[in-house]
Amino acid sequence: MFIDEVTIKVKGGDGGPGALSFHREKYLPKGGPDGGDGGKGGDVYVIGDENLETLNFYRSKKKLIAQSGSQGQGNKKSGKDGVDLYIRVPLGTCVYNTDTGRFLGEILLPSDKLLVARGGRGGRGNSNFLSNKYRAPQVAEKGEMGEEVRITLVLKAITDVAIIGLPNSGKSTLLSLLTNAKPKIAEYPFTTTEPVFGTFDTGLRLIKLVEIPAIIEGSYKGLGLGNKFLKHAERASLLILLLEKEKDLEIIKTELSFYSDNLLTKDIIIFYKDDIYDTDKLETLKNKITDMFTTFRYSTPISLEEERLSIEMESLSVKRIGETFYVFSKDLAKDLRRIDFTQRDHHLLLNPLIRRYGLLDALKRSGAKEGDKVIIEGVPFIMLEERIKYEF
């Protein structure tokens, strides 16, 4: 089975927690804080593998997780970073955020590498919080959770030529005569149920051809095999439209336009089923293909890269219900999860967050006053004059 589209959940490794430790030696009983930082969680990358042709390996994969970082130790020893996770895919694979539909990038070369989920930062050990005011800080930061995201991998094969036609138009036969491919050939329609690839050697370079499963009038509506396999023609520089009769051309062009107008802007050769076994006409077709691919403009894979959206910090919002104020911010919630509120000096981590996100100003604009209850992503706080305090 040819799998060219899969959705999987990926997660960066969690950052290791920082250490809460104090240096102790025989003649140095109060050596001060020496807790080391936790290790960073591993990142998740999508990389190209020229030896792969399908996404079959990921058909049964539900979730892939990078290694987490190790916990920091005393004597200011940092934890070990988690190992990065590499998801190997065929060349031509496009990557999308499943939940937003956002195009993340594409893999065209074996050297291409795309970061899809970041590992969490390691927590800071208590040695980071030493100051004149806090000589023995009782606080260490938790590791940040790794980024979790659902991604959809869509293979849009890197090909030079796509053969497109209606059922029984001779596509498989033509492919077998032009290349080393051995497609299934029969008289009944829809013999080809998945793309078939072959290589044509011009003597100067290898040209990759693909036979697209037959389209019919209404394929864009899902009739027949649908039009989903046309994605393997998107990177092709040349389309061979194979016709049995003249009126087939309008049907094919209409179906291509419903899929993407870009397909009709490519170079197109019209070829007829009756000419497949005409030696002279077949040789003329081979020469046309050879001539078109002797120029440098077809030497690199066609990119389908779209303009990427810039990622900005999500704005903070406050909703009032009675005398309770609910604060919503994915980024703030992510940072709050790094704080262990059972530690005596947790305010050393909380107060910088309040300033960074402008939390007090946002609460005051919403009408919050001293003594009001504040809930941030399920964590309860009490509003004070110039700060908020964790409510046990």
Among the residues of region 38-68, which ones are in contact (Cβ under 8 Å) with a residue 12 or more places away in the chain, in a loop (DSSP other than H, G, I, E, B) and farther than 18 Å from residue 115 by Cα?
38, 39, 50, 52, 53, 54, 55, 59, 61, 62
Checking residue 111 against (1) surrounded by 20 or more Cβ atoms within 10 Å (Cβ to Cβ); (2) assigned to a loop (DSSP other than H, G, I, E, B); (3) among the small types (Gly, Ala, Ser): exactly one of these is not met. Which one?
(1)
For region 1-24, does any single residue satisfy the condition of being modelled with pLDDT under 90, assigned to a loop (DSSP other than H, G, I, E, B), surrounded by fewer than 20 Cβ atoms within 10 Å (Cβ to Cβ) and in contact with a Lys or Arg (Cβ under 7 Å, 6 or more places away or on another chain)?
no
Just to be sure before I move on: is residue 40 at pLDDT 95 or above, buried (at least 24 other Cβ atoms within 10 Å of the Cβ) and among the basic types (Lys, Arg) in the structure I sent?
yes
Quick one: which strands (runs of 3 or more DSSP E) sit completely within region 201-276 and have at least 3 residues that are under 15 Å from residue 168 (Cα atoms) and touching a Gly at 6+ places or on another chain (Cβ under 8 Å)?
238-243
In region 200-220, how many are surrounded by fewer than 16 Cβ atoms within 10 Å (Cβ to Cβ), at negative phi and at pLDDT 90 or above?
1
Of 333, 368, 362, the only residue that is among the hydrophobic types (A, V, I, L, M, F, W, C), free of Cβ contacts under 8 Å to residues at least 60 places away in the same chain and over 30 Å from residue 148 (Cα atoms) is 368
Mind counting the residues in region 222-236 that are under 28 Å from the mean Cα position of the chain (by Cα) and surrounded by fewer than 18 Cβ atoms within 10 Å (Cβ to Cβ)?
3
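The values are calculated or read from the model by the stated rules, or taken from the named source; none is laboratory data. Remember, predicted model here, so these are calculated numbers, not experimental data. All Cβ positions, even for glycine, are placed from backbone atoms using ideal geometry, and neighbour counts span all protein chains on display.
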